[in-house]
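The values are calculated or read from the model by the stated rules, or taken from the named source; none is laboratory data. In this text, all values refer to a predicted model and were calculated from it rather than measured experimentally. Here Cβ is always computed from backbone atoms with ideal geometry, including for glycine, and neighbour counts include all displayed protein chains.
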Amino acid sequence: MAPVIFAARKKGGIETQILHTGQHLELAEEMFHHFKIRPNFNLAVMQANQSLFQLTSKISEGIGEILSRNTYDMIFVQGDTTSAFMGALGGFYSKIPVAHIEAGLRTRDRYSPFPEEMNRRLVSPLATLHFAPTERARNMLLDEKIPLESIHITGNTVIDALLWSLEQNYPITAEVEQILEKPGRLILVTTHRRENFGEPHRQVFAALLELVERFTDVRILFPIHPNPNVRSEAAAMLNNHPRIHLTSPLDYQSFIIAMKKSDLILSDSGGVQEEAPSLNKPVLVLRESTERPEGLETGALKLVGTCKNLIVSEATELLTNTDSYQRMASARNPYGDGKASEHIIEAVSHFLA
């Protein structure tokens, strides 16, 4: 959302207020610092191992309280989080138009990713404006009877944020810099999705161990998500290998530099699927399905799920076959050119006028 805030301020005549749910406090604080923005409201909903019922209730009540005390012309929600769904529902309850950024992404499997796929679908009938990153996303919305005139193809703001950040001269952490300077090829790994907890993660971690044993020049950088379901399992299986570097979550600047310096990325992150093609990095997607199939179609991404043997096989192909690697690395990024936020604010300004 940061590039949209920048574009609104640049346009003038628009006042923006930022609602932070209070989840993942350290990660969020780092992002606010990076983009030089501050939230106006903090719902402070974070609680260890809380259920989706508890989280949904807290966010809904918090948004309701803010909307009852303030007047808005439009509410922006982004992506597929529970926060986005509750923000859209709050807008509907308050009869405030809702703009959905990153609209129309679908796997068509309501339980994958969970609960994100259903969150995203539920936002669509509540939203007034739909900012679809691609033609395919627009067509998904049209299939669901969303009016054509309310849909705008803009690209994705995550690319705006990436390109803006690459121009900044922020230092990266000493720990990450030391890892990146070590000799050999680097695999960057991120995995945190709820549906991968347990055995799927154990399969992924076993694959990482086999890859570093098979390729003695390969190192792995694995910034571990703060969720204890990820952290404890990864530490138990991977902590003792000298070429597997487990770190705390990286600040955004350090992470995009790590992406830029890596040779291969293994991830279940939606954002990484969009960012990495702009950096010409192949991504093996650690999920059974993806709401970003455009990257599969261009060849920038490959879906490998969480099966150990398949992960090892596909990673081995990219680490040993130069042609296969170059085909993925040179694939076109279908998610935009860095001007999505400008298109969004122009459309919103026209709508509100």
| said: Tell me yes or no: at least one residue of segment 83-104 is farther than 19 Å from V123 by Cβ and touching a residue at least 24 places away in the same chain (Cβ under 8 Å). | reply: no
| field | Matching residues in segment 278-321 - criterion: being of a type in the set (S, T, N, Q) and either farther than 25 Å from F114 by Cα or at pLDDT below 95 (or both) | value | S278, N280, S289, T290, T298, T306, S313, T316, T320, N321
| request: Report whether or not L148 is surrounded by 20 or more Cβ atoms within 10 Å (Cβ to Cβ) and either assigned by TED's automatic domain parsing to the domain that holds I345 or under 20 Å from L105 (Cβ atoms) (or both). | output: no
| task | Select from segment 183-196 the residues that are crowded, with 16+ Cβ neighbours inside 10 Å and at pLDDT below 95 and list them in ascending order. | result | T190, T191, H192, R193, E195, N196
| said: Scan segment 338-350 and tell me whether some residue there is out of contact with any helix residue (DSSP H, G or I) (no Cβ under 7 Å at 6 or more places or on another chain), acidic (D, E), surrounded by fewer than 20 Cβ atoms within 10 Å (Cβ to Cβ) and within 30 Å of K11 (Cβ to Cβ). | reply: yes
| query | Can you pull out the residues in segment 46-87 that are closer than 22 Å to P226 by Cα, of a type in the set (V, I, T) and outside any loop (DSSP other than H, G, I, E, B)? | reply | T56, I59, T82
| task | Tell me the strands (runs of 3 or more DSSP E) entirely within segment 236-326 that contain at least 1 residues that are without any contact (Cβ under 8 Å) to a residue 40 or more places away in the chain. | result | 244-247, 283-285, 301-303
| query | Can you tell me how many residues in segment 239-283 are surrounded by fewer than 21 Cβ atoms within 10 Å (Cβ to Cβ) and in contact with a Phe, Trp or Tyr (Cβ under 6 Å, 6 or more places away or on another chain)? | reply | 2
| field | segment 212-224, residues that are closer than 18 Å to K261 by Cβ and in a helix (DSSP H, G or I) | value | V212
| Candidate set from segment 156-182 (those that are out of contact with any His (no Cβ under 7 Å at 6 or more places or on another chain) and within 13 Å of L221 (Cα to Cα)); member that is surrounded by the fewest Cβ atoms within 10 Å (Cβ to Cβ) | E181
| said: Name the single residue that is nearest to G198 (Cα to Cα) among those in segment 288-324 being buried (at least 18 other Cβ atoms within 10 Å of the Cβ) and touching a Pro at 6+ places or on another chain (Cβ under 7 Å). | reply: T306
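For every residue, the table says whether it meets (1) under 20 Å from the mean Cα position of the chain (by Cα); (2) more than 28 Å from N333 (Cα to Cα); (3) modelled with pLDDT under 95.
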position	(1), (2), (3)
L209	no, yes, no
E213	no, yes, no
P226	yes, yes, yes
A235	no, yes, yes
N239	no, yes, yes
D268	yes, no, yes
G271	yes, no, yes
| request: Could you please find all residues in segment 22-45 being within 19 Å of D251 (Cα to Cα), part of a loop (DSSP other than H, G, I, E, B) and not charged (D, E, K, R)? | output: G22, Q23, H24, I37, P39
| task | Among the numbered conditions (1) closer than 28 Å to F255 by Cα; (2) among the aliphatic types (A, V, I, L, M); (3) modelled with pLDDT of 95 or more, tell me where A48 comes up short. | result | (3)
